[in-house]
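A.B. asks: Quick one: the structure is below, questions incoming.
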Protein chains: 4
Amino acid sequence: MKSPVFCVCFCVFVLGAAQLFTDQDPKQAMRCNVTGQWKSEQGSMLQLTSTGPEVRGVYHTAVETAFGASGHNRESKVVGVVGDGPQPAVAFSVLWAKGSCSSWVGQCFLLPGGGQVLKTLWMLRSVAESSLDNWESTRLGEDQFIFVGNVGSADGH
Amino acid sequence: MKSPVFCVCFCVFVLGAAQLFTDQDPKQAMRCNVTGQWKSEQGSMLQLTSTGPEVRGVYHTAVETAFGASGHNRESKVVGVVGDGPQPAVAFSVLWAKGSCSSWVGQCFLLPGGGQVLKTLWMLRSVAESSLDNWESTRLGEDQFIFVGNVGSADGH
Amino acid sequence: MKSPVFCVCFCVFVLGAAQLFTDQDPKQAMRCNVTGQWKSEQGSMLQLTSTGPEVRGVYHTAVETAFGASGHNRESKVVGVVGDGPQPAVAFSVLWAKGSCSSWVGQCFLLPGGGQVLKTLWMLRSVAESSLDNWESTRLGEDQFIFVGNVGSADGH
Amino acid sequence: MKSPVFCVCFCVFVLGAAQLFTDQDPKQAMRCNVTGQWKSEQGSMLQLTSTGPEVRGVYHTAVETAFGASGHNRESKVVGVVGDGPQPAVAFSVLWAKGSCSSWVGQCFLLPGGGQVLKTLWMLRSVAESSLDNWESTRLGEDQFIFVGNVGSADGH
């Protein structure tokens, strides 16, 4: 038969573990928040702010298919949508300076250590001269963004 | 030296050609305008309004991956971007009721007969329970939308 | 109680219905067979022969991303796999002359009128100079192939 | 006129540079060879053997969309194509036990440290009951495979 001592020890252990978990910033642990600064594996910077189901922000790309394709400062506005669960799905689009545009779809995941990652797939649509060139005008790829800070802190404020 | 006769002939020719071109409904011929009602091959309805580089609207889907996935009335808001050329590229996103979201990228093409078509590819992102299920959470497909009328006329009849 | 007359009538009806069904070319109606000649909406020709779960054949493309990219006669060997159901899924790959390669995945569907269609999505992989260019090296699109005849008849025999 | 001293110096330099390059395992440095055992980030194992422009092998998947979908031992044959440059593009397909099939396209890259990586994007095609369900039957994702050994050594231990 199990002794009461065991039960007490077990309860203390459980409470302690719960406490430890709570200490790791519970708000962070509860919900993956897309608002803030994100950095892709290639060095592109994505700044997002969510307002209800909508996201807005700025994309600063590290790569271009051709010089100048992404425009002045390689920056463009971001507009999209985000769900409201603990690890919400997200989709957003960007219009580049020369008229091509990109969309990303993905999901915000909480990392075991308390950080956040945005795992996405994207399509990049170039402007075809005519519908005959439509077939070759969409590129496809993968981007993983790591959360690097709140929008405020990234600005230096 | 070129004779005045040549100059006059040339001017007449140019004016005549411009006139011919004008007769083919110049507004329609000049630019593929995404504002209006679009219908996909599967019967989904897409209503778009562009304001500068941004598009907004409503998507009424004809299909769902599971009953109720796309929500009340199967309708959701659309938000995205559009270029400004004669046949602009476009990208837009939708958040569905159960938290999944879709993005389309494509281009607005003028049809020889005066109509418009939106040739797109899309990704549909489902919500993965954890990052272990991330790999299987993105679907891919193709949609072609035919322009079926202006927003006003679609609403009023 | 049901009368024997009813039973006999029912049996005759069932046999008659089966006969009607058989009259509609049963082999065609039973299984979508990928072996034969297929033509894409863009005019590319795909000749396939399935042997068990494998398919082989020849792809003659109507389009190229750059002149000569698809090689001599714009033709390349096809190798892939096919399932064994009535409307099997299929996946196949082609290596182009300049080292890029394509894969299609899709499914063979029987059309109500007795024909066959292969609905596919494809990826086209170009050779990146280095892994830094990897992100922009995959294109994406859609192809629909209509069955245009058996391999033998396409050859003129 | 150039002095003989210059010529000698130049030759020594060239030979020395060639020697340096040779020291970095020339076979490895010259060509990314797809033949061998590869492991994906998710733990799937891919065994490939190239014969000219064709590749064959076995895929042992670590993940399934539904229990049993990938079949006995979760293993299936691989068939595809590979280019012949130093860092060749590759495309290959697999038929799963329940009739779905996958294709990967990607490229074999040499890593600075002497290893090899296969960067790929894939599509997974499920069997749709009818063409009405075709739209939702293709999944999309990304796989990165690290070279883990030659086929022989993988078999022998």
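Every read-out reported here was derived from the displayed coordinates using simple, explicitly stated rules and does not represent laboratory data. Note that this is a predicted model, so its numbers are computed, not measured. Because the Cβ atoms are built from the backbone with ideal geometry, glycine has one as well, and the counts that use them run over all protein chains shown.
A.B. asks: Can you sort B:Thr65, A:Thr138 by how many other beta carbons sit within 10 Å, fewest first?
C.D. replies: Arranged by neighbour count, lowest to highest, B:Thr65, A:Thr138 become B:Thr65, A:Thr138.
A.B. asks: What does the convex hull of the Cα atoms come to per residue for the stretch C:82-157, in Å³?
C.D. replies: Cα convex hull per residue, to the nearest whole number: 114 Å³.
A.B. asks: Ok, one more. Rounded to whole Å, give me the distance from the Cα center of the stretch A:93-109 to that of the stretch A:58-92.
C.D. replies: Answer, in whole Å: 5.
A.B. asks: Would you mind ranking B:Ser137, A:Ser44, D:Ser130, C:Ser103 so that the residue whose beta carbon has the fewest other beta carbons within 10 Å leads the list?
C.D. replies: D:Ser130, A:Ser44, B:Ser137, C:Ser103
A.B. asks: Follow-up. Give the calculated FRET efficiency between B:Arg56 and D:Arg56 to the nearest 0.05, with a Förster radius of 35 Å applied to their Cβ-Cβ distance.
C.D. replies: 0.10
A.B. asks: How many Cβ atoms of partner chains, on average, are near each residue of D:53-60 if near means within 10 Å of its Cβ? Display every interim value, and only then the final one.
C.D. replies: On the way: counts 6, 4, 3, 1, 0, 0, 0, 0.
Mean shielding by partner chains, rounded to a whole number: 2.
A.B. asks: Would you please give the FRET efficiency between B:Leu111 and C:Thr35, computed as 1/(1 + (r/R0)^6) with r the Cβ-Cβ distance and R0 = 51 Å, to the nearest 0.05? The partial results should precede the final answer.
C.D. replies: Details: r = 36 Å, r/R0 = 0.71.
Efficiency, rounded to the nearest 0.05: 0.90.
A.B. asks: Here is a further query. What is the spin-label model distance, in nm, from C:Glu64 to C:Gln42 if the labels are put 7 Å beyond Cα along the C-beta direction?
C.D. replies: 1.3
A.B. asks: Need one number: nm distance between label points at A:Ile146 and A:Glu129, each 7 Å from Cα along Cα→Cβ, rounded to one decimal.
C.D. replies: The two pseudo-label positions are separated by 4.3 nm.
A.B. asks: Once you keep just the Cα pairs under 8 angstrom separated by 6 or more residues, what percentage relative contact order results for the stretch B:40-111?
C.D. replies: For the stretch B:40-111, the relative contact order is 24 percent.
A.B. asks: Per residue of B:113-120, what is the mean number of Cβ atoms on other protein chains within 10 angstrom of that residue's Cβ?
C.D. replies: Mean partner shielding for this stretch: 2.
A.B. asks: Just rank A:Glu142, C:Glu75, fewest to most, by other beta-carbon atoms within 10 angstrom.
C.D. replies: C:Glu75, A:Glu142
A.B. asks: Between copies, how far does the label point of A:His60 sit from its twins, in nm, shortest first, when each point is 7 Å from Cα along Cα→Cβ?
C.D. replies: Distances between equivalent label points, in nm: 4.4, 4.6, 5.4.
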